[in-house]
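Take a look at the following structure, please.
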Amino acid sequence: MAHGKVLARARRLKVVAAAVLVALGSLWIMAPTRSPHGTAHAGSHGVFVFSEEVAKGVEVRGFTNRVMVRQPGYTVGAIAARDIPTHRHPDGDHILYIVNGRGTITMDGERVELRPGTIVHVPKGVAHGVTAEAGGLQFVDFAQPPFDPTKIEWIR
C-alpha cells in the first residue's frame, strides 16, 4: 500500500476511533459481567450486557449476529465469529471493536491481527473476511448506514 494511502487510512481511523469511543461511552456495552435484570433499557439509552447479547445471535455464514441497536443511520451488533468468508458491502462501513478472542481480518488482501481492544475500520466496498483462532472471536460491529443483506457480495 502506498505511503499516502497508509497515512490517509490512519487519519480516517483516528476519526473513526474517536466516534467509536463516543458511541461506547453512550451505549455502555459491558463484558463479561451479568446484570441481575438481563438486558435493560434505561430511559432513552439502551444498556446491554455483551456476553448475554452475543449468546442470542442469529446464525449467518460462519458467525452469529445479534443486532442490539437499530437506527435509521446505523446499527450496533454483537458478533461471534469462527470464519466469515470474504465479502464486501457496497452500501456501508463497518467499525469493529474486538471484545474477546483472537484472529485475523483480511482487507483487500492485507492481513491484520485481531485481539481484544483492537478497533478496525472497514470502508464500504472493501473486500474483507475474518478468521478466528481456536475458541472464536467476539466483537461489536458498528455499521453505518445499516447494510442491506441482499446487497452483500460473497466472494468466497
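The values are calculated or read from the model by the stated rules, or taken from the named source; none is laboratory data. All values derive from a computational prediction rather than experimental measurement. When the accessible area is computed, the model is the full protein with side chains, heavy atoms only, and any ligands, DNA or RNA have been set aside. Shrake-Rupley method; radii C 1.70, N 1.55, O 1.52, S 1.80 Å.
With all protein chains present, how much of the accessible area of the range 41-156 (probe radius 1.4 Å) comes from carbon and sulfur, to the nearest whole percent?
Answer for the range 41-156 is 51 percent, counting heavy atoms of protein chains only.
Where the centre of each part is set by its Cα atoms, how far does the range 43-100 sit from the range 107-156, in angstrom?
10
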